[in-house]
Amino acid sequence: MKRIIAIIATLAIAFTIRVVYVNAFEYRFTEKVVYSTGETFTLHDLELTCTNDGIYSSEELARIYGEEVLNYSDESDLILTLEITNLTDEPQTLDLTSFRMQYAFTSGGGINPYLFGYLNDGIGGSKCTIESGKTVTVLLPYPYDWDTLGSEKPYDLVLSLYPENVRVRVVEK
């Protein structure tokens, strides 16, 4: 009986040591880097600048882009402009659908895919390919819920969580 307890205790200690080792040395927490709108930064060999164009109601978008946009817009949409420059000698592809909005600790969701396609007709989809040395500008529409998001918390565009935790503060409260 003492032998079984000793084996179980040894396995428990070994397991604890392994968990501590993996969490401390193998999978480290990443430092959160938060940029401001209008600030230029580099992510995955791409130079990015994100600006906040504003929060628009579907009626305001219809006045700007025409009545057809009413088929694609939400009650309110946050429109961001993302300027992407390829700094490498090879074409680079950036998947824009991986970007998420975050309000405090709550996900604000992803791009409105219907409005994205309407606003970015020449892009060819949400996977944006940028040729070497070229710059592409895309409009990123995100649904905006005034009841949930229109309070005192900041609103971030999350570009990457790992290995770098990169965000752009798009609505400062």
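How much accessible area per residue does the chain have, counting only protein heavy atoms and a probe of 1.4 Å, in square angstrom?
For the chain, the per-residue accessible area is 61 Å².
TYR114 sits among other residues whose Cβ lies under 12 Å from its own Cβ, and their net charge, with Lys and Arg +1 and Asp and Glu -1, is -3.
What's the ranking of 55-65, 31-41 by average number of surrounding C-beta atoms within 10 Å, highest first?
Going from most to least packed, we get 55-65, 31-41.
Compute the FRET efficiency between ASP145 and THR81 as 1/(1 + (r/R0)^6), taking r as their Cβ-Cβ distance and R0 = 25 Å, and round to the nearest 0.05. Working from the Cβ atoms, E equals 0.70. Using Cβ point charges alone (K and R +1, D and E -1), the dipole size of the chain about the Cα centre works out to roughly 1460 debye.
Within the same chain, aspartates and glutamates fewer than 8 places from LYS134 are excluded, and of the rest, those with a Cα less than 12 Å from its Cα are GLU47, GLU83, ASP89, GLU90.
The values are calculated or read from the model by the stated rules, or taken from the named source; none is laboratory data. Just so it is clear, the structure is predicted and the values come from calculations on it, not from any experiment. Note that we place each Cβ from the backbone using ideal geometry, even for glycine, and neighbour counts take in every protein chain shown. Surface accessibility is based on the protein's heavy atoms, side chains included, excluding ligands, DNA and RNA. Shrake-Rupley method; radii C 1.70, N 1.55, O 1.52, S 1.80 Å.
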